[in-house]
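Report on the following structure.
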Amino acid sequence: MLVVLSGGGTAGHINPALALADVLVERGCDVRFAGTPTGVEARLVAEAGIPFTGFEAAGFDRSRPLTLLTSTLKLQKSTGKAKRWFGEIRPDVVVGFGGYVCIPVARAAEQCGIPVVVHEQNSVMGMANKYLARRAAAVCLTYEHAAGALDARARDRVVVTGNPVRASVFSATRQQGRELLGIPEDARMLLVTGGSLGARHLNQAVCALKEALLSYDDLHVVQVTGPRELEAVTHELALTSAEQQRWHLFGYQDRMGEVMAAADAIVSRAGATSLAEIAARALPALLVPFPHATEDHQTTNARSYVDAGCAFMIADAEVDTPEFGHLVCTLVEDAEVRARMSEAARAQKARDAAAKLADVVMDAAR
């Protein structure tokens, strides 16, 4: 069986696609990837060893009417190119994960009689996925809430699979993570991350807790600031040599599976990929949704997870209040709270998402 995966724009579209690819390859499928030639997907897919074909695609700016014309021309040209490609490789099914590039790839599949499966990572449907869901053979969701944006016919084809996470994220061991970071096995570890780009407000709020957090003699803080924030956070913390032994700063960390395996708790944004990885690791969490995400979807992403008892949540506007410090310190201090969160997270069965999605994709294949 030959499966074409498509997505672009952000790692949040690409990582679940790569997780699905891992499962499909294990099941004996041939997997190809269609993305934009200059997007982050070109690098990530190449690193994963999956054959990649590039297609030009772009959105449009409502304030600049000319971009509608240029975007439409690109999509039409890429649709034709994708049809020719499909004629050569003859895929059995196409899976779209979001981003404008999915539109010409999926439209070409429809015109060639190839089934299309859509996967939405967030609680709010992206524009491309919402458009493609109208005619998709199956619409796979991370959150059932997202189905509310679909018409009745599309809702009949909805399957809630969860958001796939690559096996490398949850196969790492605590020992491997602790060795990577140089943290003793019997120490407590708090991980702080704002996602791949960082989060200035969140970083500042955690820096303000420096004295409180370092007062726990056995606590190590691992703060992944984001590349653009590392210098500012380093200056703000002004760690002494002794403090640097327990407060570990990284601008970026490409071995997050091991880092998360080492952690006892995490303070994080609530992007789809971050939340899926936290759930897969059953890591006790304090979630701080990014307030400017489209339709506040990070808050919606987090709400059901928090309601299930898997995490705390606080609004970004409240991280400067005593409540933020109280919640962080509760995660650090209270082993029973952490144990309850971990148990609730394991009940979500987040690790099964890639296999569930693979089942849907293979069932939809022609």
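Tabulated data
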item: Part-to-part distance (alpha-carbon centres) for the stretch 304-360 and the stretch 132-150, which is given in Å; result: 25 Å
item: By accessible area with a 1.4 Å probe, ligands and nucleic acids excluded, highest first: order of PHE324, PHE250; result: PHE250, PHE324
item: Efficiency of FRET from Cβ geometry, THR38 and ASP307, R₀ 45 Å, rounded to 0.05; result: 0.65
item: Residue-averaged 222 nm ellipticity for the chain, from DSSP H runs of 4+ at -39500 (n - 2.57), nearest 500; result: -13500 deg cm²/dmol
item: Dipole magnitude of the stretch 229-289 about its Cα centre (Cβ charges: Lys, Arg +1; Asp, Glu -1), debye to nearest 20; result: 200 debye
item: Choice from ALA21, ALA262, ALA205 with maximal GNM fluctuation in the chain (Cα, 10 Å cutoff); result: ALA205
item: P(r) of the stretch 231-366 over all Cα-Cα pairs, binned every 10 Å from zero, in whole percent; result: 11, 34, 36, 14, 4, 1, 0
item: Accessible-area composition of the stretch 103-231, carbon plus sulfur, in percent [1.4 Å probe]; result: 49 percent
item: Relative packing of peptides 334-342, 97-105 - highest average C-beta neighbours within 10 Å first; result: 97-105, 334-342
item: Isotropic mean projected area of the C-alpha convex hull, the chain (nm²); result: 18.4 nm²
item: Amide H contacts of VAL192 (H built 1.01 Å from N, under 5 Å, at least 5 apart or other chain); result: VAL222, GLN223, VAL224, VAL267
item: Long-range HN-HN contacts of VAL31 with modeled amide H, under 5 Å; result: VAL3
item: Options VAL95, VAL25, ALA82, ranked by Cα towards positive dipole end of the stretch 11-164, top entry (Cβ charges); result: ALA82
item: Solvent-accessible heavy-atom area per residue, rounded to whole Å², over the chain at 1.4 Å; result: 45 Å²
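The values are calculated or read from the model by the stated rules, or taken from the named source; none is laboratory data. All figures in this text were calculated on a predicted structure; none of them were measured in a lab. A quick note on method: Cβ atoms are made from the backbone with ideal geometry, for glycine too, and the neighbour counts reach across all protein chains shown. Protein only, heavy atoms only, side chains kept; ligands, DNA and RNA dropped before computing areas. Shrake-Rupley method; radii C 1.70, N 1.55, O 1.52, S 1.80 Å.
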